[in-house]
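Heads up: the structure comes next, in structure tokens.
Read-outs throughout are calculated quantities, based only on the coordinates presented, and are distinct from any laboratory measurement. Given the structure is predicted, the values throughout are model-derived calculations rather than measurements. Ideal geometry is used to build each Cβ from the backbone, glycine not excepted, and the neighbour counts take in all protein chains shown.
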Amino acid sequence: MKHLLKMMDLSTEEIIEILNLADQLKYEQKHGIEHHHLKGKTLGMIFAKASTRTRVSFEVGMYQLGGHPLFLSSHDLQIGRGEPVQDTARVLSRYLDGIMIRTFDQEEVESLVKYGTIPIINGLTDLAHPCQILADLMTIREYKNSFEGLKMCFIGDGNNMMNSLIVGCLKVGMAVSVACPEGYHPAQMVLDFAAQYPCFELTDDPKQAVKDADVVITDVWASMGQEGEAERRRKAFAGYQINKELMALAKPDAMVQHCLPAHRGEEITEEILEAHANEIFDEAENRLHAQKAVLVKLLGDNK
Ligand code: CP
Ligand code: NVA
């Protein structure tokens, strides 16, 4: 593993290795055991979109690993004034040990890989959010002990989260059922991948998708960059809310995950979010541990 661009690129073994290392790093952090695997290393973090969790967890994670993070807003970099990605990649490769980037177009992340010479981590694009899915899988395994026999259900938009969860959950052996309205389906490449799995289901009926689910997941109806479509999307996704009635159809001990930020009263009710707050905020915490594992794998000397 040289980069982390999307879940599709990771083998099941690589995913499990990252999760195991994340568990170990979490244990070490909780017990005050020093784990300076990235002493003297620097990570550039380019953000073309807003962030709370990704920015803070990567920044703190690098610090805890003994390395140094640099926050680089794309509005302040020359990239924001039109300097091409291919030049930026070649310049930054001469200063840094790795780059994490949050942007719109997946191709921009691929260009950093093509022209740069250092590991590139996708911190969210319109297509994929692999860092979040590693934290979600870590949290699911913490609560359920194993992935065996579990069903993950995602209700809502066929966005970066749905794309990445379908691939990640299928790869670790879970059954996957997703419900989204016509016109808001996941990416075709994800559907082609999922078609190999008989335990994958795509429906427009949330009740059908959530039936007997062990893990129920949703995300906002309008992602970053889609703010202008919010009203149209609110209409399209009416009926795709995770609420008490829908949760009654999942397994009685079903957990809920939400990458956050959440829009209470839209994709999830306040009641359900608060009832599952432990799982959801453990998920947010696990961003830190899962990303530290990715950083050690990609930037560490023993990779
Ligand atoms: N879940 C997530 O990626 O959060 P941020 O947008 O706050 O980074
Ligand atoms: N789908 C959301 C995820 C935010 C973490 C977005 O792209 O805005």
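Of note:
- Under a 5 Å amide H cut-off, with hydrogens placed 1.01 Å from N, Leu4 pairs with Ile120, Ile121, Asn122 among residues at least 5 apart or on other chains.
- Fewest-first ranking of Met255, Met100, using other Cβ atoms within 10 Å as the exposure measure: Met255, Met100
- Residue with peak Gaussian network fluctuation, the chain [Cα springs, cutoff 10 Å], from Asp282, Asp23, Asp253: Asp253
- Relative contact order %, the chain, counting alpha carbon pairs below 8 Å whose residues are six or more apart: 21
- Largest mean-square fluctuation among Ala179, Ala284, Ala187, in a Gaussian network model of the chain whose springs join Cα atoms under 10 Å apart, belongs to Ala187.
- Integer Hz, Karplus 6.51/-1.76/1.60 couplings in order for segment 5-11, x for Gly and Pro: 9, 6, 4, 4, 7, 8, 7
- Three-way shape call for segment 170-303 based on the alpha-carbon gyration tensor, with the a/c threshold at 1.5: rounded
- Applying the Karplus relation 6.51 cos²θ - 1.76 cosθ + 1.60 with θ = phi - 60° to segment 40-55 yields 3J(HN,Hα) values of x, 9, 10, 10, x, 10, 8, 10, 9, 9, 5, 6, 10, 5, 5, 4 Hz, where x marks Gly and Pro.
- Between Ile217 and Cys153, Phe154, Ile155, Gln257, the built amide H atoms are under 5 Å apart, and every one of these is 5 or more places off in sequence or on another chain.
- Equivalent ellipsoid semi-axes - Cα gyration tensor, segment 49-184, angstrom: 31, 19, 13
- The chain - Debye-derived log10 I(q)/I(0), Cα point model, q = 0.08, 0.09, 0.13, 0.15 Å⁻¹: -0.33, -0.42, -0.90, -1.18
- Put in order of Cβ neighbour count within 10 Å, fewest first, the listed residues Arg81, Arg90 become Arg81, Arg90.
- Hits among lysines - C-alpha to C-alpha of Lys114 under 30 Å, sequence gap 8 or more where chains match: Lys2, Lys6, Lys39, Lys41, Lys49, Lys171, Lys292, Lys297, Lys303
- Cα principal axis extents for segment 1-97, largest first, Å: 45, 30, 26
- Taking Val210, Val60 and counting other C-beta atoms within 10 Å, the order from fewest to most: Val60, Val210
- For segment 17-32, 3J(HN,Hα) computed residue by residue from phi via the Karplus equation (6.51, -1.76, 1.60; θ = phi - 60°) reads 4, 5, 5, 5, 5, 4, 4, 5, 5, 5, 4, 4, 5, 5, 9, x Hz, glycine and proline entered as x.
- In this structure, Glu13 and Arg81 have a Cβ-Cβ separation that, at R0 = 41 Å, corresponds to a calculated FRET efficiency of about 0.45.
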